[in-house]
Amino acid sequence: MSNKTGCMCCAYGPLTTFPAIVSFFATILTYSAAFGCSLFTSGNNQASVGSWGLWTVEGRQINLELDATLYDYVCYSYAQVVPFGDPSAFLDAPMKAGRAFSAIAATLAGPLWVTIMMLCCVNFGNNRVIFKVISLWCVFVGVMILLELAGMASKFCKDQVQCKIGSAGILAIVSFFLWLLTALLVATMNQEPRALAGDASFDNQPKEVVVETKTRNPDGTVTVTTRKTITHADGSKEVIESSDIEATGVKM
């Protein structure tokens, strides 16, 4: 058991890479879901389908509204364009709630991923509270990004034709499950760090020195003598010797 903290490779074992990888994808999807312009879509045919987000709107939808060719499929903030520049037209309570949840998730996702990455190379000692906090943090971020779907309950969405979940909304759901998986991996991973040099648990480990000697016998055989000296933490030494005879013709 190690109580000393410090930097080391795979401080809690190589399996720490699994939550790091899963949380990386969860973070990417969280940002995509939070700021994507396709939380929900509207329209009953391909020609009139529009995509809307909590913070942005798809340029193609602006084309439909303004009959312009200035915009494309890129996401634009509502403040950049008319007639969506006035937030009072769509920013009701559900949209505000969705924005708040997405902002919280996006703010916490990055630092959370960095913290999980630190488990791969930093020994925090035997402080199991850290693992519990990280697990709960993952669950919280997952719930926040999932709750951004509250924006679909807005009047703005309901006023559209056939309003339904878009790709950003689907990414929010996938991200939620990835954060739950990350929380599970962190909670069940090895929480006993490997010993660091200078730590009591490292210094108290028995030290072994093995010396092998070969002696040629008159009959041509070779006797191999292995001498293992074990030095214990209290300074006592234990010597173990073993001998084996090799076949004739073995070179020394």
**Complete:** Flagged pairs (Cβ under 6 angstrom, 6 or more apart or on separate chains; first in the range 150-179, within 15 Å of residue 55 (Cα to Cα); second open to solvent by 50 Å² or more (accessible area, probe 1.4 Å) and of a type outside the set (A, V, I, L, M, F, W, C)) are none
**Message:** So if I check each of 135, 167, 175, which one is open to solvent by less than 30 Å² (accessible area, probe 1.4 Å) and under 19 Å from residue 39 (Cα atoms)?
**Reply:** 175
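The values are calculated or read from the model by the stated rules, or taken from the named source; none is laboratory data. Source: prediction; values computed, not measured. All Cβ positions, even for glycine, are placed from backbone atoms using ideal geometry, and neighbour counts span all protein chains on display. Surface accessibility is based on the protein's heavy atoms, side chains included, excluding ligands, DNA and RNA. Shrake-Rupley method; radii C 1.70, N 1.55, O 1.52, S 1.80 Å.
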